[in-house]
1. Give, in nm to one decimal, the length gained when the segment between A182 and S134 is fully stretched (0.36 nm per residue of separation minus the Cα-Cα distance).
2. Sequence gap at least 6, Cα distance under 8 Å: using those rules, report the relative contact order of region 75-166 to the nearest whole percent.
3. Relative to the present Cα-Cα distance, how much length would full extension add between T26 and A56 at 0.36 nm per residue of separation?
4. Whose amide H sits under 5 Å from the amide H of A184, counting only residues 5 or more places off or on another chain, with H placed in the peptide plane?
5. Show me the chymotrypsin sites (Phe, Trp or Tyr not before Pro) within region 151-186 that DSSP assigns to loop and that have at most 14 other Cβ atoms within 10 Å of their Cβ.
6. On a straight-distance basis, which lysines could pair with K40 in a cross-link, Cα separation under 21 angstrom, same-chain partners fewer than 8 positions away excluded?
7. Leaving out ligands, DNA and RNA, what percent of the accessible area of region 32-113 is carbon and sulfur, probe 1.4 Å?
8. What is the spread of the Cα atoms of region 120-186 along each of their three principal axes, largest first, in whole Å?
Amino acid sequence: MPTTANVSAGKPKVAGAIFRAPKGTTLPTDATTALTSAFKDMGYVSEDGVANANEADSEEIKSWGGKTVLVISTNNSDKFSLALIESTNVEVLKAIFGPANVSQDTATNAITINVAGLCNDEAVWVIDMQMNDSWMKRIVIPSGVLSELGDVTYKDNEAIAYEVTINALPDSSGNTHYEYMAKAAA
């Protein structure tokens, strides 16, 4: 029987929702355990939230006469799209342009970015969200690479946004991401 209590929306956790850590960082394995200090907060994301495009394509092999006799997987992709809007967050800039290309003067807080293309370092990405009725959800991408950076628009009535696509690569188990859900402790 359908149950409305099972219907939910996902919104960012108040303490942060998008985190990035170096490849090889120990992965979280549940929805509620605090992340280690290796995970850097990517700050606010635009109101569009996060979109996950998990696509699988296949090719049908037909026999003479037109019957499908075999289906071969030809393409699997798992991508996450979001717009990071903290344009002066050094961790965001390092994730996009590479740690070696972003520096911040500790005395003046001045930031310098050497733009040489999109950072293609593999990293661990975590997306934390709150759902309805005290449920928490965590998506863990063990090996994510930025594969796209959208146009960065500078307008007086819009936040500067870095629209990125994270391509989730398979880990040693063949999984591109993990999802964990749990009801938060009272």
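The values are calculated or read from the model by the stated rules, or taken from the named source; none is laboratory data. Note that this is a predicted model, so its numbers are computed, not measured. In this analysis, Cβ positions are derived from the backbone assuming ideal geometry, glycine residues included, and neighbour counts consider all displayed protein chains. For accessibility, only protein heavy atoms count, side chains too; no ligands or nucleic acids. Shrake-Rupley method; radii C 1.70, N 1.55, O 1.52, S 1.80 Å.
1. On the way: separation 48, 0.36 × 48 = 17.28 nm, distance 0.85 nm.
This chain segment gains 16.4 nm when fully extended.
2. Details: 143 pairs, mean separation 28.2, N = 92.
Reported as a whole number, the value is 31 percent.
3. Roughly 8.0 nm would be gained on extension.
4. Those qualifying (amide H under 5 Å, at least 5 residues apart or on another chain) are W135, M136.
5. Details: sites: Y154, Y162, Y178, Y180; in loops: Y154.
Of the chymotrypsin sites (Phe, Trp or Tyr not before Pro), the ones in loops of region 151-186 whose Cβ has at most 14 other Cβ atoms within 10 Å are Y154.
6. Excluding near neighbours in sequence, the set is K11, K13, K23, K79, K94, K137.
7. On the way: 2620 of 5300 Å².
Roughly 49 percent, rounded to a whole number.
8. Result for region 120-186: principal-axis Cα extents of 43, 34, 12 Å.
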